[in-house]
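The values are calculated or read from the model by the stated rules, or taken from the named source; none is laboratory data. Computed from a predicted model, the values in this text were never measured in an experiment. Here the Cβ positions follow ideal geometry from the backbone for every residue, glycine too, while neighbour counts run over all protein chains shown. All accessible areas refer to the heavy atoms of the entire protein, side chains included, with ligands and DNA or RNA removed. Shrake-Rupley method; radii C 1.70, N 1.55, O 1.52, S 1.80 Å.
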Amino acid sequence: MKLLAQALRLHQWAKNMLLAVPLLTAHLVLDLEAWTSVIVAFFGFGFVASATYLVNDLIDLKSDRLHAQKRFRPMASGRLTVSAGMALAIVLAFLGFAISAAALPAGFIH
């Protein structure tokens, strides 16, 4: 699990909390439907962001292996195979877009 958390850069998902700012500024803090959309968007955006990080790691694989800190990343270190990283990126991107398209109001993703 730790390997997956590192590869997906789950710590970066904290940025998705900014999705809640409009609820606070529009005084919709008690709107359950709005919060449901924010939660769905949090995961949808997180999946797509993680897929993007994985693709970036694939593109930068050679240089990351030579970098002092980046060489410890899961794919650069060889703990996560390139094929597993590619498959994971595809699945995450699909899930992120599918969840967002299926569960969010049309205006949310346009």
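Please list, ordered by residue number, the helices (runs of 4 or more DSSP H) wholly in region 7-110 having 1 or more residues that are at pLDDT below 95.
21-25, 32-59, 82-103, 106-109
Considering each residue of region 26-40, count those that are loosely packed, with under 10 Cβ neighbours inside 10 Å and either more than 23 Å from the chain's Cα centre (by Cα) or among the aromatic types (Phe, Trp, Tyr) (or both), and give that number.
3
Quick check on region 47-80: of everything there that is among the aliphatic types (A, V, I, L, M) and closer than 26 Å to residue 101 by Cα, which residue is surrounded by the fewest Cβ atoms within 10 Å (Cβ to Cβ)?
55
Do you know which of the residues in region 8-25 that are over 14 Å from the mean Cα position of the chain (by Cα) and surrounded by 12 or more Cβ atoms within 10 Å (Cβ to Cβ) is farthest from residue 85 (Cα to Cα)?
The qualifying residue farthest from residue 85 (Cα to Cα) is 23.
Can you name the residue in region 81-91 that is in contact (Cβ under 8 Å) with a residue 12 or more places away in the chain and open to solvent by less than 70 Å² (accessible area, probe 1.4 Å) and is also farthest from residue 17 (Cα to Cα) among such residues?
Filtering first and then ranking leaves 82.
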